[in-house]
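Here is the structure we will look at, set down as C-alpha cells.
Values quoted throughout were computed directly from the atomic coordinates according to the rules given, and no laboratory measurement underlies them. All of these numbers come straight from a predicted model, not from anything done at the bench. Ideal geometry is used to build each Cβ from the backbone, glycine not excepted, and the neighbour counts take in all protein chains shown.
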Amino acid sequence: MVKRNLTVATTGLNNIDNPGPGIPFIRGVLDSQEFNTKIIGLAYENLEPGIYMHDLVNKTYHIPYPTAGSDVLLKRIEYINNIEKIDVLVPNFDAELYTFMKASADLEDIGIKTFLPTVEQYEERHKSNLPDFGDKYGVKVPKSKTIFSENEIESTMKDFRYPVFIKGKFYDATIAYNPEQARANVRKISAKWGFPIIIQENIAGTEVNVVALGDGEGTTVGAVAMRKLYITDKGKAWAGITLADENLIELTDKIISQTKWRGGMELELIKTPENEYYLIEINPRLPAWVYLSVGAGQNLPEALVKLALGENVKPFDKYEVGKLFIRYSYDLITDINEFEKLSLYAEL
C-alpha cells in the first residue's frame, strides 16, 4: 500500500508528570499504515518536552493562549498554515477546545479540517452540569453542587458528608476529609483556575475509565476500557490495564448514541461493589493514555484523523484485554540554541 502524505498539527506537547495527550496522539498517528504524516507541534510554553522530540515532531510553532482571543489565535494559525499547509488540526486541552470549536468554520475556510464536539455537547458535559446531564440521559452521577465563592463552602457542605471531592472547572481534583481541607483545596484550585468550583459526593468503589470516539451521528467508532494500576499524587494514571467489561462499553455506547458525540472523549466512572456505574467526569477529548487503545488494537488517533478528513471509518468491534501501559520518564538532552531559537522566532 502506498501511504498518503498528510500534515497534522496538534497541541498537548507537555509530556510531564501531568501529561497532555499530544505525544501519545502523535505516536498513534505515526503508527498508521495508511498515512505518511508530518507532525506540526503547537506549543504554549517553550519547555514542553514534545517540542524537542524531533523523532516525533517535525516542527513546532509557539501559539498564543486562548485567553488572547480567537482572532489572535487564528492569525497565528493562518501564518503557520501558509508555511505548512495543514490538513488536520487536533487540539488536546479542555481549556482551548472552546476557542477551536468556535473557529472551526474559519479553519475550514483555509483548508484545515477538525473533528470536535459541538458547543452544546461541550457545555452540557461540564462538571458543573453533570447532574443535569445524568437526568437527561439516564446516567447515574454523584451528587454535586457548584460554588462561585469561598463564602459558599460552609452552607454547601451541609448537604454533603465528608470526604468530598473538590474539582476545578477544567482541571484538578482533590479530596477533602474535613472543613479545613475543603477550604484549603478550594483556595488552591480557585487560585489556579478561578471559580466556579464543584463539590462532588465521594462514591465508594473502583475507578474505571473509557477512551472512546464518536462519529457525530450516534455511532461509537471505538471504545477501550481501562483500570488504573498506579496513580500519581496528581491523580493521573501512571500504569493501567485494559478490562473486559461489556456493561461499561454498553454504557459508553448509550452515552455516545444519545448525545451523538463528535470526536474523542474520556469517561471517568466509579464501579461500586454492587456493580453500579456512576459517571464522575467526561473529558471532551482523547486522554493522555490513548496510546493504550493503539496497543490494544484500536488506533483511535488514526480514526479521528480519518473522520476529520471526512472519510468513512469502520467501527472497531473488539480490543485486546490484559494490555498494560506503564509510563516512564527519561532525560531529554537538547541544546540551548534550540531553546533560544524558539524563544526568539517562536518556531523550531
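Couple of notes before you dig in:
- With all projection directions averaged, the alpha carbon convex hull of the chain covers 18.0 nm².
- Using the Cβ-Cβ distance between residue 159 and residue 191 with R0 set to 25 Å, the FRET efficiency works out to roughly 0.50.
- Estimated vicinal HN-Hα couplings, Hz - segment 10-22 in sequence order (Karplus 6.51, -1.76, 1.60; Gly, Pro = x): 8, 9, x, 8, 7, 7, 10, 5, 10, x, x, x, x
- Computed about its Cα centre, the charge dipole of the chain is approximately 260 debye, with only Lys, Arg, Asp and Glu carrying charge at their Cβ.
- The chain, helix-only ellipticity at 222 nm - DSSP H runs n ≥ 4, -39,500 (n - 2.57), divided by all residues, nearest 500: -9000 deg cm²/dmol
- Segment residue 27-residue 118, extension gain: residue separation times 0.36 nm, minus the distance between their alpha carbons: 30.1 nm
- Bins of 10 Å from zero: percent of alpha-carbon pairs in segment 27-73: 25, 41, 27, 7
- Measure of compaction for segment 143-201 (Cα Rg per 2.2 N^0.38 Å): 0.94
- Computed from phi, the 3J(HN,Hα) profile of segment 153-163 under the Karplus parametrisation 6.51, -1.76, 1.60 (θ = phi - 60°) reads 4, 4, 5, 5, 5, 5, 8, 10, 10, 6, x Hz, with x in place of Gly and Pro.
- Karplus 3J(HN,Hα) series, Hz, for segment 73-86 with 6.51 cos²θ - 1.76 cosθ + 1.60 (x for Gly, Pro): 4, 5, 4, 5, 5, 4, 4, 5, 5, 4, 8, 9, 6, 6
- Beta-bridge orientation, the chain: approximately 75 percent antiparallel, per DSSP, counting only bridges with both partners inside.
- Amide hydrogen proximity for residue 231: with H placed 1.01 Å from N in the peptide plane, the residues at 5 or more positions away or on another chain lying under 5 Å are 238.
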